[in-house]
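Working notes for the structure below.
The values are calculated or read from the model by the stated rules, or taken from the named source; none is laboratory data. Just so it is clear, the structure is predicted and the values come from calculations on it, not from any experiment. So basically every Cβ, Gly included, is an ideal-geometry build from the backbone, and we count neighbours across all protein chains shown. For accessibility, only protein heavy atoms count, side chains too; no ligands or nucleic acids. Shrake-Rupley method; radii C 1.70, N 1.55, O 1.52, S 1.80 Å.
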Amino acid sequence: MVSATSFHEGFVSELVGRPAYVLRNGDREAVGKIADFVVEHPEDTFPRIDAVVVKTRYGELASPIGEVVSLDREALVLSAPPKIVRPPDDEALYLVEDLFDKQIVDVDGRKVVRINDIEVARTGGTLRVVAAEIGFGGLLRRLGAGKVLPGLLDRVPRSLIAWDNVAPLHDLNPTQIRLSVSEHRLARLHPSELADIISELSAQDAARVVGSLDDERAADALEHLDSDVQRSIIDDLGTERAADIIEEMDSDDAADLLGDLPEDRQEALLREMDAATAEDLRELVAYDDDTAGGLMTTDYFWIYPHRTVAATMAKIREIAPEAEFIYYLYVTDQSEKLLGTLSLRTLLLAKPNATIHTIMDTDLITVRPDAPAEDVAATIARYDLLACPVTDERGKMLGIVTVDDAIDAIIPERLKKQLPRFTKRGQRRRAETAG
């Protein structure tokens with residue numbers, strides 16, 4: 001292993017290109033030059049360097065870190081000749097090849113940056129990656145400016161990102177197992193911040209980032225992206241994976257996305273979805289964008305009038321972990337005709353044995369699906385609503401328009417993605433058991 005006296009903490013660029021030797025009978029025999037360093041577990045907080053790659057006359061060969069006798073800015077000394085050939089399906093992280101000049105996500109700074117160098121250090125008896133250098137100093141160091149102008153690098157401020165705040169795009173491979181929200185460093189970001197970062201990436205890298213997230217997190221981010229970026233990512237993800245993500249989006253946002261796609265692509269995605277979800281989305285896509293039908297979501301809570309308050313509360317507790325927009329309940333009959341509405345506040349204050357029809361509000365404020373977006377926004381503002389039901393001419397419940405979507409429809413495009421959003425996802429599917 002690397003000893004405390006044989007390794008000087010520093011940067012990868014100071015080590016790459018240095019001569020490599022192997023000890024034979026106490027003498028050092030040249031075998032090549034340092035070419036790279038290998039990390040097998042880049043997901044670790046400060047990942048361990050597991051091997052050193054040496055450029056030899058036989059090609060690039062690697063030595064495990066356990067065979068390193070000494071490593072400093074002058075040379076690498078090994079106890080045995082490098083002999084590990086890189087396998088074709090190698091999924092390890094190569095610091096120079098995979099990270100130098102590549103984009104990464106600075107999770108703490110919430111931005112996309114470029115790696116100019118990597119800082120390594122001996123910690124806990126092993127050699128580890130501790131930070132990414134993103135400043136001008138990293139480039140100067142790689143260009144050898146320190147040799148030409150001694151002392152120059154000491155006068156250039158370092159710009160380092162601790163490795164636990166780095167999300168390399170290299171390891172976000174959609175073909176590998178997708179990381180859960182709690183395990184992924186990008187999960188620290190708000191969906192709008194994540195969307196801002198994705199917007200700065202190339203189409204390929206944007207799809208890789210979205211593809212690495214679980215379906216719900218990917219849907220959250222996708223909802224905050226411009227339509228052009230959405231379409232590009234959907235095209236790159238593949239039909240099955242894209243359909244899984246779109247199913248997790250708010251139904252109105254999903255319908256908007258599908259409506260921007262060619263008809264054949266739209267149908268291919270819908271065929272991959274749950275039949276009920278696909279049917280809802282087909283209906284939504286048919287409406288004009290600037291109408292209540294184009295703005296509404298089919299994700300809402302409904303309840304039959306004969307249910308008791310206690311039973312309704314029990315059902316809400318069951319459903320609530322997967323839904324956040326629970327301000328209104330919509331009371332319908334078996335033909336889905338809207339009979340009344342009920343705020344969560346009213347429900348909480350009612351007696352447990354009271355039935356829903358005795359406490360619901362029958363003074364209904366609704367809009368038709370062909371109502372212009374401006375009229376919908378005006379209705380929501382006039383009656384101080386958080387959501388407005390959309391019904392057909394027979395009073396059948398079609399969906400709701402939430403206040404954030406109504407605002408979206410009447411403000412400039414550049415401001416839309418900055419607004420907070422209600423989470424409505426999955427509610428209608430779960431709430432159908434509430435009858």
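Open to solvent by 30 Å² or more (accessible area, probe 1.4 Å), in a helix (DSSP H, G or I), within 25 Å of ALA371 (Cα to Cα) and in contact with a Gly (Cβ under 9 Å, 6 or more places away or on another chain): which single residue out of ASP288, ASP280 fits that description?
On the way: ASP288 fails: in a helix (DSSP H, G or I).
Step by step, each of ASP288, ASP280 is checked, and only ASP280 is open to solvent by 30 Å² or more (accessible area, probe 1.4 Å), in a helix (DSSP H, G or I), within 25 Å of ALA371 (Cα to Cα) and in contact with a Gly (Cβ under 9 Å, 6 or more places away or on another chain).
Would you pick out the residues in region 35-75 that are outside any loop (DSSP other than H, G, I, E, B), open to solvent by 50 Å² or more (accessible area, probe 1.4 Å) and either closer than 15 Å to VAL16 by Cβ or of a type in the set (S, T, N, Q) (or both)?
LYS55, GLU60
Go through region 116-127 and count every residue that is at pLDDT 85 or above and either open to solvent by 30 Å² or more (accessible area, probe 1.4 Å) or in contact with an Asp or Glu (Cβ under 8 Å, 6 or more places away or on another chain) (or both).
Step one: filter region 116-127 for residues at pLDDT 85 or above, giving 116-121, 127.
Then keep just the ones that are either open to solvent by 30 Å² or more (accessible area, probe 1.4 Å) or in contact with an Asp or Glu (Cβ under 8 Å, 6 or more places away or on another chain) (or both); that gives 116-121.
Going through region 116-127 one residue at a time, the tally reaches 6.
Being open to solvent by less than 50 Å² (accessible area, probe 1.4 Å) and closer than 22 Å to ALA276 by Cβ, is that true of even one residue in region 347-361? Break it down into steps so the answer makes sense when it comes.
Of all residues in region 347-361, those open to solvent by less than 50 Å² (accessible area, probe 1.4 Å) come to 347, 350, 354-356, 359-360.
Next cut, closer than 22 Å to ALA276 by Cβ only: none.
Looking through region 347-361, none of the residues is open to solvent by less than 50 Å² (accessible area, probe 1.4 Å) and closer than 22 Å to ALA276 by Cβ.
So, in region 218-239, exactly how many residues are in contact with a Gly (Cβ under 8 Å, 6 or more places away or on another chain) and under 14 Å from PRO191 (Cβ atoms)?
Within region 218-239, residues that are in contact with a Gly (Cβ under 8 Å, 6 or more places away or on another chain) and under 14 Å from PRO191 (Cβ atoms) number 1.
Would you please name the residue that is nearest to ASP370 (Cα to Cα), looking only at residues in region 252-272 that are free of Cβ contacts under 8 Å to residues at least 60 places away in the same chain and open to solvent by less than 20 Å² (accessible area, probe 1.4 Å)? Outline the logic, then answer.
Filtering region 252-272 for residues free of Cβ contacts under 8 Å to residues at least 60 places away in the same chain gives 253-272.
The next check asks that each one be open to solvent by less than 20 Å² (accessible area, probe 1.4 Å); those that pass are 254-255, 257-258, 261, 269-270.
Numbers: ALA254: 19, ALA255: 16, LEU257: 20, LEU258: 19, LEU261: 22, LEU269: 26, LEU270: 24 Å.
Residue satisfying both the conditions and the ranking: ALA255.
For region 93-114: of the residues being modelled with pLDDT of 80 or more and touching a Pro at 6+ places or on another chain (Cβ under 8 Å), which is nearest to GLU43 (Cα to Cα)?
Restricting to residues being modelled with pLDDT of 80 or more and touching a Pro at 6+ places or on another chain (Cβ under 8 Å), the top hit is LEU93.
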